[in-house]
Every structure is written in structure tokens, then in C-alpha cells.
Amino acid sequence: MATRPLNVGLIGGGGGAFIVHPHERAIHFDGTRRVVAGALHPDPAFAMQEAADWPYPIRGYPSYDELIAAEAKKPVGERIDYALIVTPNHVHFDPAMKCLAAGIPVFCEKPLTVTLAEANQLVAAVEHRKIPFGVAHTYLGHWTSRFARFIVRSGLLGDVRWVDAYYLQGWLADRTEDKGVMQAEWRVDPKRAGASCCGGDIGTHALMQLRYVTGLEVKRVRAQLETFVAGRQLDDHFTAYCELHNGGRALVRASQIAIGHKNDLGIEVNGTKGSLVWVQEEPEKLIIRLPGQPDRVYWRGAVAANDGFLKDLPAELMAEPNIPAGHPEAFHDAFARLHRCFEQDVRAYLDHQPFHCDGSQYANVEDGRMGIAFIAAAVRSHEQGGAWVEMS
């Protein structure tokens with residue numbers, strides 16, 4: 001008997017929003033998930049029109065309150081099985097809490113919330129209700145991110161001494177927000193974006209890459225949040241020097257005024273035995289550097305389970321590539337891998353079976369909270385002239 005597709009409801013995504021589209025493609029990627037409903041905009045009339053204009057039929061709702069209330073009354077199989085929240089930052093917390101109260105799993109865009117207090121409440125709600133909750137840190141979905149995680153955590157590079165994690169863009173190098181670009185307008189508005197534009201928007205991706213690959217947590221930070229474009233209320237350049245729990249150090253840096261850079265996310269890990277380099281704009285490739293040896297370059301789909309240096313690669317990792325080497329996986333594939341893994345936990349939840357929302361397959365609610373705690377600590381450090389500030 002064929003397994004029925006999971007039903008997904010969208011909260012946000014109308015009015016020209018970008019991020020809903022890669023999510024929507026990823027949801028339909030495997031034929032085991034589908035979008036069936038949406039509350040697509042805060043204006044009720046516009047929300048209904050956006051739903052009517054959706055490329056295929058979905059149930060439109062004037063508000064997310066009405067979507068959650070109506071869907072929660074339906075039996076499993078007819079209701080939405082999880083909600084995808086793709087609203088601006090300040091409209092993450094309320095619909096997420098209401099979905100959790102209704103027993104609906106949540107996959108939420110990052111950053112998780114705009115305040116640490118809200119993030120803490122979400123963590124408590126998820127723990128209390130024991131319900132799947134994912135945070136859309138896209139780049140964890142690349143196979144090479146998971147491969148890098150295995151390399152570092154297996155000890156092949158020795159103890160981690162230094163990590164450079166960065167995300168560089170140039171799209172806010174002038175006053176893009178004054179040119180009718182919706183994506184810029186809300187990101188530079190503290191009421192909608194929170195305490196940080198650059199750090200919250202893309203610095204959290206760099207932090208998540210550091211945490212996911214190395215397994216290390218930031219203990220304390222010294223940070224500068226800088227605004228180079230005159231008249232802008234929030235930072236467009238972000239630098240945080242970090243002490244890690246193992247005694248190592250890290251630099252988490254982000255910029256949205258680096259002209260020429262597009263989505264230049266990368267990480268370099270320097271250990272006592274070797275180094276690792278991964279760059280998102282070449283997402284299929286991972287470089288390992290060892291003392292006195294040529295660089296070892298690995299490609300997704302062309303990694304042997306045992307090549308004399310790499311040993312005992314997990315069967316789960318080796319089974320993950322779903323297209324042959326040389327047919328590139330990229331942005332949409334990364335989104336799809338996250339939704340595919342989240343689907344497994346949602347199905348287990350619906351079947352009243354154990355699930356393991358532990359952050360190994362996608363960022364969980366605690367990962368989201370750590371991103372907000374990091375930004376909060378960085379803001380405090382900046383306000384104190386770059387002083388060391390403990391993570392909370």
C-alpha cells in the first residue's frame with residue numbers, strides 16, 4: 001500500500017516573497033509531501049487572492065489563526081501534517097506557538113525569533129509537547145556539510161584549534177531598501193528583523209555551519225556590529241570573535257556590503273592534524289589539507305567508503321546522494337534533504353513512534369535558540385565596546 005503524501009500548510013509566502021519558492025519545490029521533490037493550504041499574507045483579502053492565484057489548487061485562509069484553527073479540527077490525513085513558516089522574523093513566534101498548541105509540527109525559517117525570551121518559550125513548548133520542530137538552516141542540507149561533520153567529529157583532523165565561518169554578500173551595499181525591494185525593507189527594520197540585520201540574517205548561517213560541522217559551542221564572544229550605509233538602522237557588517245568550549249577560537253563574520261559577493265558562505269576548520277575547507281558556492285566539493293601532502297579533494301557521489309584515509313563512513317551518509325556524481329546537487333537539493341529528514345520525524349510523530357529531532361539531520365528548535373542567544377550576546381558585546389560576553 002502506497003504511503004500517503006504529507007500535507008503541508010504555508011504561513012507566509014505571498015506578495016513576492018522569495019524563500020517560499022525553494023521550499024515549495026523541495027516539499028514536492030520526492031512526491032511524498034505536498035502543499036495543500038496557505039495563509040499567505042497579513043492582509044486577509046490579499047491572502048485569499050494569493051491563494052486563488054497559486055499555481056495549483058490550495059485551501060486559502062485569510063489569516064494563520066484561521067488556518068491553524070480550521071486545520072486542527074480535521075482528522076489526520078485531511079489536516080495539514082506540518083506547517084512551514086516563511087514570514088518575516090517578527091512573525092515567526094506567534095504562529096509557531098499556536099501550531100504547537102494545536103499539535104501541528106513546525107518547520108520555521110531562520111532566525112527562530114527576534115528575542116531570546118521568545119526563543120526560550122518555543123524551546124519549552126517543544127519540549128513540553130514533544131513535537132517535531134525544524135529550523136530552515138538550508139546549508140546543512142548539502143551532502144558535503146554532513147560529510148564535513150563526519151570528518152571533523154571522527155577526529156581525522158585532530159583537535160579543533162581555529163574555525164573561520166563566514167557569509168559574504170553585497171546586495172545591501174547601497175540603500176536597496178529605498179528601491180522598492182521588499183526583501184531589503186523588512187531586513188533593515190528593527191521592528192521586523194530584530195536587533196541585527198546582517199548578523200541575524202546570514203551570520204546565523206555561518207554560526208550554524210560552525211556548530212554543525214565541529215560539534216563545538218560558542219562559550220563567549222567579542223563582537224562589532226557595523227553600519228556602513230548612512231541612515232540604516234541595523235548592521236550591514238558583522239564580526240564576532242568567539243571562544244569555543246574546547247578552548248579553541250573562531251571567527252564568525254558576515255557582510256552584506258561586500259560588493260561582488262553573492263552567497264559566499266564558507267567554513268575552514270584548522271585542527272592539530274589537518275584542515276578542512278568547504279565553500280557553499282561550490283557545494284559538491286570538500287578539501288582536506290594534511291601536513292606535507294597534496295590537498296585531498298572529495299566530491300559528492302565520488303567518495304569511497306574506505307580509501308585508506310577515510311574509514312568507516314556511516315552507511316546512512318553513503319546512501320544519501322540520490323543522483324550520480326557529476327550531476328550537481330545544489331540549493332534546491334539542500335532544501336529537499338532537510339524536508340525529507342523532517343518528514344521522517346513527522347511521520348513517526350503521527351504514528352506515535354519515537355523520533356530523533358536531535359539536530360543531526362536538520363537544525364532543531366534548540367539550534368534556533370542558540371542562534372538567537374549568539375546574536376543577543378554579540379549585540380551586548382558591541383554595546384559594551386567589544387567586551388567579552390558570555391553566551392546564555
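Scanning the range 185-209 for residues that are under 19 Å from the mean Cα position of the chain (by Cα) and among the aliphatic types (A, V, I, L, M) gives A193, A195, I202, A206, L207, M208.
Test of understanding: among R380, R369, which residue is closer than 26 Å to L265 by Cα, assigned to a helix (DSSP H, G or I) and without any contact (Cβ under 8 Å) to a residue 12 or more places away in the chain?
Numbers: R369 fails: without any contact (Cβ under 8 Å) to a residue 12 or more places away in the chain.
Matching residue, one of R380, R369: R380.
One line per residue, one yes/no per condition, for (1) more than 12 Å from the chain's Cα centre (by Cα); (2) among the aliphatic types (A, V, I, L, M):
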{"position": "R340", "(1), (2)": "yes, no"}
{"position": "Q353", "(1), (2)": "yes, no"}
{"position": "S360", "(1), (2)": "yes, no"}
{"position": "A363", "(1), (2)": "no, yes"}
{"position": "G368", "(1), (2)": "no, no"}
{"position": "V379", "(1), (2)": "yes, yes"}
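Of the residues making up the range 263-310, those that are β-branched (V, I, T) and surrounded by 14 or more Cβ atoms within 10 Å (Cβ to Cβ) are I267, V269, V277, V279, I287, I288, V303.
Taking F133, is it over 19 Å from G14 (Cα atoms) and buried (at least 16 other Cβ atoms within 10 Å of the Cβ)? Write out each step before concluding.
Values: over 19 Å from G14 (Cα atoms): yes; buried (at least 16 other Cβ atoms within 10 Å of the Cβ): yes.
So F133 passes the test.
Considering (1) in contact with a helix residue (DSSP H, G or I) (Cβ under 6 Å, 6 or more places away or on another chain); (2) in a helix (DSSP H, G or I), the lone condition that A124 does not fulfil carries the number (1).
Residues in the range 33-54 that are of a type in the set (D, E, K, R) and outside any strand (DSSP E or B): D43, E50, D53. Please enumerate the residues belonging to the range 92-120 that are in a helix (DSSP H, G or I) and under 23 Å from I202 (Cα atoms). Result: F93, D94, P95, A96, L116, A117, E118, A119, N120. Scanning the range 171-210 for residues that are in a loop (DSSP other than H, G, I, E, B) and without any contact (Cβ under 8 Å) to a residue 24 or more places away in the chain yields a total of 2.
Within the range 225-271, count every residue that is closer than 26 Å to M391 by Cα and in a loop (DSSP other than H, G, I, E, B). Reasoning before the result, please.
Keep residues of the range 225-271 that are closer than 26 Å to M391 by Cα, which gives 225-227, 233-256, 265-271.
Filter once more, so that each one left must be in a loop (DSSP other than H, G, I, E, B): 227, 233-236, 245-248, 256.
Of the residues in that region, 10 qualify.
The residue pairs whose first member lies in the range 246-260 and is in the same structural domain as G215 (by TED's automatic domain parsing) and at pLDDT 95 or above, whose second member is surrounded by fewer than 22 Cβ atoms within 10 Å (Cβ to Cβ) and of a type in the set (G, A, S), and whose beta carbons are closer than 6 Å, counting only pairs six or more residues apart or on different chains, are I257/A173; A258/G170; I259/G170; I259/A173; G260/G170. When residues in the range 311-329 are screened for being surrounded by 12 or more Cβ atoms within 10 Å (Cβ to Cβ) and under 15 Å from R146 (Cα atoms), 8 of them pass. Here the range 96-125 is the region considered, the condition is being surrounded by 24 or more Cβ atoms within 10 Å (Cβ to Cβ) and of a type in the set (G, A, S), and the residue that is farthest from K191 (Cα to Cα) is A96. Has the range 344-351 got at least one residue that is modelled with pLDDT of 95 or more and buried (at least 21 other Cβ atoms within 10 Å of the Cβ)? Within the range 344-351 (the criterion being modelled with pLDDT of 95 or more and buried (at least 21 other Cβ atoms within 10 Å of the Cβ)), the answer is yes, since at least one residue qualifies.
The values are calculated or read from the model by the stated rules, or taken from the named source; none is laboratory data. The structure displayed is predicted, hence computed values, not measured ones. Heads up, the Cβs are rebuilt from the backbone with ideal geometry, glycines too, and the neighbour counts pull from every protein chain shown.
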